Amino acid sequence: MQRERYRIADLTIDVEAVSVLREDGVALPLPRLSFDLLVALARRAPDVVRSEELIATVWAGVAVSDETLTQRVALLRRALGDEAKNPRYLRVVRGRGYQLVPEAVVPSSEHRPAQPARAAVAVLIVVFFVLLALFLVFFRAQSPPPVATRSPSVPELLQRAGSYLGQHQASNNELAIELYQRALRMQPANAQAMAGLSLALGQRATKFNQHGDAGDQALALARKALALDPRLGQAHHALGLALDSKGMVTPALAAYRRAAELEPQPANALASAANLLMVQGHLAEALEMNVRVARSGGDTPTYLEVQMGQILALLGYKPAAAVWFERALELRPDNVFAAASYAQMRLSQGRLREAEEIAAQAVRHGVRRPELAEIRGTVAFLQGGTSRAKALYEEALAIAPGFSRARTRLLLLGSTDLQRRQWLEELRRGRAEGDEWPDAALDEALLETGAGHPEAALQALDVAIGQGYRDEDWLLRDPMLAGLRTPDLQRRIETIRRLVGFERQRVLGAGWLPPSLLDGRAARM
C-alpha cells in the first residue's frame with residue numbers, strides 16, 4: 001500500500017512516520033498537534049479550511065477556543081520558519097479559515113528498478129538467506145533487544161507538561177496546555193491534569209496577555225480538581241492563580257498559603273503568596289517570605305529577584321532594588337516582569353531616560369508586556385510628546401485590551417465625559433465584584449482628578465492606600481495627578497510614609513534579615 005505523503009514547497013510530510021523533512025534531508029521536529037494541523041491542511045489543499053473543521057479534526061472533539069487554534073498556527077509557523085506577513089507555507093484567509101499557500105501534491109510512487117533475470121534473482125535470494133543464517137548464528141547474542149514504540153502514558157505526559165509549564169515562556173506554556181489536554185482525554189477525571197491545565201491557563205491570563213476566557217476556565221478546572229482531591233497542593237496553587245487573575249487578592253492569598261502547606265516543594269507557592277502580601281502593603285512579611293524561599297535551596301522561582309527588587313524599592317532601598325532588578329534581567333533577559341518593575345522604579349524617581357531605555361531594551365529582547373508600552377507612553381507625555389504617548393498607550397491596549405492603566409491614561413488624553421464615566425463605572429463594578437488590586441482604585445482617582453472632582457479622587461486614593469498602594473514617589477510625580485496636589489494629598493502621602501516606616505522598622509529589627517540585604521550585596525545569597 002502506498003504511504004500517505006505530501007509535498008509542500010520544500011517540505012515532505014510522511015503521515016505514517018509522523019515526520020517532516022526539508023529537501024536537504026533535515027527533519028523538522030513538530031509537536032503532535034502542530035503535525036496534525038499541517039496534515040489536516042495538506043489533505044484539504046488547496047481548499048480553505050474553516051476554523052471549526054480544523055478544531056474538530058485536530059483536537060478530536062475536545063472543546064477548545066479559536067484562540068487555541070490561533071496559538072497553534074503561530075507555533076506551527078515558527079517551527080517551519082514561516083512569516084505571517086509574507087507566508088510561504090500557511091496563510092489566513094480572513095473570515096474563512098486557513099489555507100496552504102502552495103498546492104499540496106501527493107508525490108508519485110518511487111520508481112521501481114527493472115526486474116533482473118530470474119536466475120540472478122534466485123542467486124540473490126540464496127545469498128541473502130546464507131548471510132541471514134550466519135548473522136543469526138554469530139551475532140544474535142550481541143544484538144540489542146528490539147525497541148517497542150508506544151504512546152506516552154498519562155504520568156509521562158504530566159511530567160513533560162510540568163517541564164514546559166515551569167519555563168514561563170508563552171510558547172512552552174501553550175505546549176503544556178496541549179499535553180495536559182491530551183492527558184485529560186486519556187483520563188478525564190485526573191485531578192493532577194486538571195490542576196496543571198488550570199495553572200497553564202492561569203499563566204496564559206496573567207503573564208502572556210491572552211486573557212479571553214482563560215481565567216474563567218482556570219478557575220473552573222481548579223475547583224473541579226479540588227473536588228476530586230482536596231489535598232492536592234497543585235490544585236490549591238492553581239486556584240490561587242485563577243483568583244489572582246481576577247484581582248481577588250484575599251482568597252488568592254489563602255489558596256497560595258494552603259498550597260505551600262501541601263506541596264512537597266512549596267517555593268513557588270510561597271513566592272506567589274509573598275507577591276500578594278506586597279500588593280496588600282505587608283512589606284516586611286513579604287520580604288521575609290521571599291528570603292525564606294531564597295534560603296530553601298532547589299530551583300529559584302522565576303520572579304523571586306523581581307519581587308525582592310519591588311519590595312526593597314517600596315521600603316526606600318532603591319540602590320539595593322536596582323541590584324536585584326539587574327540580576328533578574330541578567331538571569332532571564334526575557335523575564336516578563338523584571339524590566340517593567342525596574343523601569344517603573346526609575347520613572348517614579350524621575351529618571352526618564354533610564355526608564356525609557358530599560359523598557360525599550362526589553363522590547364528588543366522580544367518581551368511583550370503592556371506595562372512596557374504604558375511606561376514609555378508616560379515618559380513621552382512627561383517629555384511633551386502627547387501624540388507619541390497616545391500611540392504607546394494604544395500599543396499597550398493592543399497587547400492586552402483589558403490593561404486598565406493604559407486605558408485610563410488614554411481616556412485622559414482625549415475622550416468624552418461619557419466615555420470616562422462609563423470606564424469609571426466599570427472600574428467600580430469590578431471592585432464591587434471582588435477586584436482588590438490597588439491599581440484599579442488609583443485609576444479611579446486619576447479619572448476623578450481629570451474630571452475636576454478632587455474629593456471623589458481623594459476618596460478613591462484612600463481606597464487604593466487601604467488596599468496596599470505604597471508608591472509615594474509616583475503619587476508626587478504622576479503628571480495626571482497634578483490637579484490633586486493639595487495639602488489633602490500631602491496628608492495621604494504622610495499616611496503612606498507612616499505605613500512604610502512601620503514596615504521598615506519591622507525589617508530592621510528582624511532576626512531573619514540577612515547581612516547586606518539592604519545594600520544589595522545579598523543579591524547572590
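Loop exposure criterion: GluC sites (Glu not before Pro), DSSP state outside H, G, I, E and B, at most 15 other Cβ atoms within 10 Å. Applied to the chain, the longest stretch between such sites is 111-432. For Asp47, the solvent-accessible surface computed with a 1.4 Å probe is close to 80 Å², ligands and nucleic acids excluded.
Accessible surface area normalised per residue over the range 349-485 is 45 Å², counting heavy atoms of protein chains with a 1.4 Å rolling probe.
Overall, the chain carries a charge dipole of about 860 debye about its Cα centre when +1 sits on the Cβ of Lys and Arg and -1 on the Cβ of Asp and Glu, all other atoms neutral. Of all lysines in the structure, those lying under 28 Å Cα to Cα from Lys390, and not within fewer than 8 positions of it along the same chain, are Lys85, Lys207, Lys246.
Computing Rg and the Kirkwood Rh from the Cα coordinates of the range 170-245 gives a ratio, Rg/Rh, of 0.94.
Expressed as a whole percent, the accessible surface of the range 310-357 that belongs to carbon and sulfur atoms is 54, based on a 1.4 Å probe. The stretch between Ala74 and Arg3 holds 22.7 nm of extra length on full extension. This uses 0.36 nm per residue minus the Cα-Cα distance. Extension gain, Ala482 to Ser51: 0.36 nm times the residue separation minus the Cα-Cα distance gives 150.2 nm.
Across the range 204-318, counting alpha-carbon atoms alone, Rg and Dmax equal 14.2, 46 Å. The angle between the Cα long axis of helix 386-399 and the longest principal axis of the Cα atoms of the chain comes to about 50 degrees, rounded to the nearest 10. Rounded to the nearest 0.05, the FRET efficiency derived from the C-beta distance between Ser151 and Arg88 at R0 = 22 Å is 0.10.
Estimated purely from DSSP H runs of n ≥ 4, each contributing -39500 (n - 2.57), the mean residue ellipticity at 222 nm for the chain is -20000 deg cm²/dmol once divided by its residues.
Note on the chain: Rg/Rh from C-alpha atoms, Kirkwood Rh, equals 1.08. Computed from label points 7 Å out along Cα-Cβ, the spacing between Glu357 and Gln167 is 3.2 nm. Sort the range 236-291 into rounded, prolate or oblate with this rule: let a ≥ b ≥ c be the square roots of the eigenvalues of the Cα gyration tensor; rounded if a/c is under 1.5, and if a/c is not under 1.5, prolate when a/b is larger than b/c, oblate otherwise. Here the range 236-291 falls in the oblate category.
Taking all Cα-Cα distances within the range 417-514, those exceeding 18 Å account for 49%.
Using C-alpha pairs below 8 Å separated by at least 6 residues, the relative contact order for the chain is 8 percent. The label-point distance for Asp66 and Asp299, in a model that sets each label 7 Å from Cα toward Cβ, rounds to 3.5 nm. Using R₀ = 45 Å, calculate the FRET efficiency as 1/(1 + (r/R₀)^6) where r is the Cβ-Cβ separation of Asp229 and Arg43; round to 0.05. For R0 = 45 Å, the calculated efficiency reads 0.65.
The values are calculated or read from the model by the stated rules, or taken from the named source; none is laboratory data. Here the structure is a predicted model, which is why all the values come from computation and not from measurement. Heads up, the Cβs are rebuilt from the backbone with ideal geometry, glycines too, and the neighbour counts pull from every protein chain shown. Accessible surface is based on the protein model in full, side chains and every heavy atom, while ligands, DNA and RNA are left aside. Shrake-Rupley method; radii C 1.70, N 1.55, O 1.52, S 1.80 Å.
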